[in-house]
Amino acid sequence: MNSIHRWLCHGAVAMAACGVAGAAAAQGYPAKPIRFVITYPTGGGSDYTVRPIAQKLSERWGQPVVVESRPGGSAMIGTDFVVRSAPDGYTLLLSASSEVSMNVVLFKKMPYDPVRDLQPVTLVGTTPPILLAHPSLPVKSVKELVALARARPGALSYGSIGIGTPQHFAGELFKTTFHIDMVHVPYKGAAPALIDVIGGHVPLALTAPTVAIPHVKAGRLRGLAVTSEKRSGAIPDVPTIAESGAPGFDIVQWYAIWMPARPAKELLDRIHGEIVRIIQSPDYKQRQLEAATDVVGSSAEFLAERQRADIEKYRKIALAAGITPE
């Protein structure tokens, strides 16, 4: 047997051994408690999204699935913890899109590469920012807002929940798409932004729909559009910016599940299958719809492509808006 033949045979044996080991690991999984890491404090959107998944996994697998909050560092502390964990299925991550796509654009240095060092599992769901107007502003549609902004360049301002958020990027894309000039007013969260737009201190805001919907229904604010490509299931009567003269306009916050990179395929397939069955159940979909999140439940490949596409999208928006990485 020549050396090349021996090398090929040894490689085939090694691959077969890895496959057997991966299958065995998946069959014996889980044999101990599982940690589901979130990168924001408990009680927020990440916690609301993941806790029922963890509960159902615990029931199905007969092992505790503990939700563990590791906030801080622009969501990089918790993500870095997961990246440095073993890819054995006992440490999972529930992330928002900002920490695995926007952060690549906003920071010169990160302790990890979110594309290389994380294994996508599934895209859980999406929630679009909503463009709001104070009722005193003489606009009832995106078309009317664009006309007013063009007639009064630089005179209008919009609030967001902070610099470098999906709401901020949506506002900057709105400006460049329609060639208008509006002033960005960043706030530290949705609540203070809503207080100021309801009080008439800023005429417009882009914020999360969950906190805005009650004010829209009560008539305190006017919902002009959502920034997703398709209408939100929670507020289907509010049009999209895409259908209001900007085809392809699509900025959403999304939640996704990840593992440390390079797990055994059989293990990934098992975890993916169990989680997707849970999030596509009618009960989970209805729960998320009440939080203005449209459930997806995608393949791992779809999530990987969505992450790459969003990074490129945000790079272009940042360049056009003059947003420079820290």
Check the straight Cα-Cα distances from residue 143 and name the lysines below 17 Å, setting aside those fewer than 8 residues away within the same chain.
175
Among the DSSP H helices of the chain, those whose Cα atoms extend at least 15 Å along the helix axis and whose mean Kyte-Doolittle hydropathy is -0.5 or higher are 3-27, 166-178, 265-279, 300-321
Expressed in square angstrom to the nearest 10, the accessible area of residue 48 with a 1.4 Å probe stands at 80 Å²
Using only the alpha carbons of the stretch 92-244, what is the convex hull's orientation-averaged projected area in square nanometres?
9.9 nm²
Log10 I(q)/I(0) at q = 0.17 Å⁻¹ for the stretch 211-262, from Debye over equal alpha-carbon scatterers, is -0.61
Stretched fully, the stretch from residue 42 through residue 280 gains (0.36 nm per residue minus C-alpha distance, one decimal, in nm) 83.3 nm
Under 13 Å from residue 285, Cα to Cα: aspartates and glutamates that are on another chain or at least 8 residues apart
294
Those aspartates and glutamates that a straight Cα-Cα span of less than 16 Å connects to residue 140, excepting residues fewer than 8 apart in one chain
237, 243
In a shell of Cβ-Cβ distance under 13 Å around residue 26, excluding residue 26 itself, what net charge do Lys and Arg (+1) and Asp and Glu (-1) give?
-2
Against the rule of thumb 2.2 N^0.38 Å, how large the Cα Rg of the stretch 234-326 comes out:
1.36
For the stretch 103-199, listing trypsin sites (Lys or Arg not before Pro) in a DSSP loop whose Cβ sees at most 16 other Cβ atoms within 10 Å gives 108, 109, 116, 140, 188
By how many nm would the segment from residue 143 to residue 195 lengthen if fully extended, with 0.36 nm per residue of separation less the alpha-carbon distance?
16.2 nm
With the cut-off at 27 Å, tell me which of the pairs 56/188; 108/188; 108/265; 108/230 have Cα atoms farther apart than that.
56/188; 108/265; 108/230
Ignoring ligands, DNA and RNA, what percent of the 1.4 Å accessible area of the chain is carbon and sulfur?
58 percent
If N is the number of residues in the chain, what value comes out of its Cα radius of gyration divided by 2.2 N^0.38 Å?
1.12
Suppose R0 equals 22 Å; then what is the FRET efficiency for residue 319 and residue 113 from their Cβ-Cβ distance, rounded to the nearest 0.05?
0.60
Leaving out ligands and nucleic acids, note down the accessible area per residue over the chain with a 1.4 angstrom probe, in whole Å².
45 Å²
Computed FRET efficiency, Cβ-Cβ of residue 55 and residue 326, R0 41 Å: what is it to the nearest 0.05?
0.65
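The values are calculated or read from the model by the stated rules, or taken from the named source; none is laboratory data. Predicted model only: the values in this text are computed from it and were never measured. Reconstructed Cβ throughout: ideal geometry from the backbone, glycine too, with neighbour counts over all protein chains shown. Please note that ligands, DNA and RNA were not included when accessible areas were found on the heavy atoms of the full protein model with its side chains. Shrake-Rupley method; radii C 1.70, N 1.55, O 1.52, S 1.80 Å.
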